[in-house]
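Readers should treat all values here as calculations from the given coordinates under stated rules, not as data from a laboratory. Keep in mind that what you see is a predicted model, and the values were worked out from it rather than measured. FYI the Cβ positions are ideal-geometry reconstructions off the backbone, even for glycines, and counts take in every protein chain you see.
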Amino acid sequence: MNITILGQGAIGLLWYHQLAKDASNHVSLMCSARVESAPLITTFTDINNQTTNRALILTTNDTLPNAELILLCVKSYHVATALLPIAKQINANATVIFCHNGMIDFKQFASLTQPCYALLTTHGSKRVKPFHAQHTGLGHNDLGLLSGDQAEIVQKKIVYTLSKALPSLTLSDNIKMKQWLKLAINCVINPITAIDNIENGQLLSNTYDTVIETLLNEIVAVARYKGIILSSSELKMQALTVANNTRKNCSSMRSDILQHRKTEIDYINGYIINIAKEAGIPVPENERLLQQVKDLEI
């Protein structure tokens, strides 16, 4: 497939290297505007700690219209600024896949006529340095259609391509539920690890039981208002499972704080808070964590 990846962060580089391993794929990377000059090669350290280099192929205005698949791997607050300026250059037959943390208002992309998917991953990846990513934890991918229609033969090709590059992958017919499940887990792992400056695995300590349960009870109430039925006990089990599977990992929010970058807290716990205000549901624990993360941001 002809694939364009937007974003040179940890997840974008993970997909770039994994997809480019297949010689039948033509993969290019579109960097953010803040990158003044890109190197000729990128570096990747795989799950077995083996490091390799790969030529960096950049997307250009001439090659972008040929892309069959557009994979957005940028921060939640950069999705609109990354996608909307190039929307008119995207082939009408292309497929757009959103791969980001948190929840965004998808209505701002209503003008897109291409099929749009959400891609949720629990794979761990970190940016060692610019244009060097390391695959730090095995996980699972969920893919689901957000808008538009797509021929079954094209959908099967996309599923095959993505699942071959980074196993395993499930095509979901209820991606909204999956998004809420991931959001709830992110609402737990990201802010707590960022505030306390801990690795994911340290959340398994009984010290965090009360705050985790309080957070999840608030999220379950807000989700119910949106017609999503969740179980706080099951969510806690899933959150702790992810924390255990990525126990040595530094969460993306903690990494942002340590590197003095803006976090995605407004699209994670902030998303819960905004809906809670609309519904008149008190969510003091989510509000407390959001404020503490904001206080750490520079």
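Structure above, values below:
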item	result
Under the Karplus curve 6.51 cos²θ - 1.76 cosθ + 1.60, θ = phi - 60°, whole-Hz ³J(HN,Hα) for region 64-78, x wherever Gly or Pro sits	4, x, 8, 5, 8, 9, 10, 10, 8, 10, 10, 4, 3, 7, 10
Label-to-label distance, nm, for residues given as residue 274 and residue 206 (7 Å Cα→Cβ offset)	3.9
Local electrostatic count, residue 106, Cβ distance below 14 Å [Lys/Arg +1, Asp/Glu -1]	+2
Amide hydrogen neighbours beyond the local backbone of residue 146, cut-off 5 Å, H modeled	116, 117, 118
Top positive-direction residue, dipole computed over region 1-89 with Cβ charges, set 77, 51, 12	77
Rough spin-label spacing in nm, given labels placed 7 Å along Cα→Cβ, for residue 292 and residue 170	3.1
Contour minus Cα-Cα distance for residue 129 and residue 33 (0.36 nm per residue)	32.8 nm
Sequence-distant lysines (8 or more away, or on other chains) whose Cα lies within less than 21 Å of residue 262	75, 126, 129, 182, 294
In sequence order, calculated HN-Hα J values of region 144-149 (Karplus, 6.51, -1.76, 1.60; Hz; x Gly/Pro)	x, 6, 9, 7, x, 10
Rounded to whole Hz, the Karplus (6.51, -1.76, 1.60) HN-Hα couplings of region 267-275, x for glycine and proline	9, 10, 5, x, 5, 4, 5, 5, 5
The chain, relative contact order in percent, only Cα pairs under 8 angstrom and at least six apart counted	16
Cα centroid separation - region 224-298 against region 185-216, whole Å	9
Förster radius 30 Å - calculated FRET efficiency between residue 22 and residue 108 (Cβ-Cβ, nearest 0.05)	0.35
Net lengthening on full extension, residue 156/residue 53 (0.36 nm per residue, minus Cα-Cα)	34.1 nm
For the chain, the fraction of alpha-carbon pairs in successive 10 Å shells from zero, as %	6, 28, 36, 23, 7, 0
Neighbour-count ranking [beta-carbon atoms within 10 angstrom, fewest first] of 135, 26, 260	260, 26, 135
For residue 169, residues with placed amide H under 5 Å, excluding near neighbours	141
Amide H contacts of residue 95 (H built 1.01 Å from N, under 5 Å, at least 5 apart or other chain)	69, 70
Length released on extending from residue 2 to residue 234, taking residue separation times 0.36 nm less the Cα-Cα span	79.6 nm
Dipole magnitude of region 2-173, debye to nearest 20 (Cβ charges: Lys/Arg +1, Asp/Glu -1, about Cα centre)	420
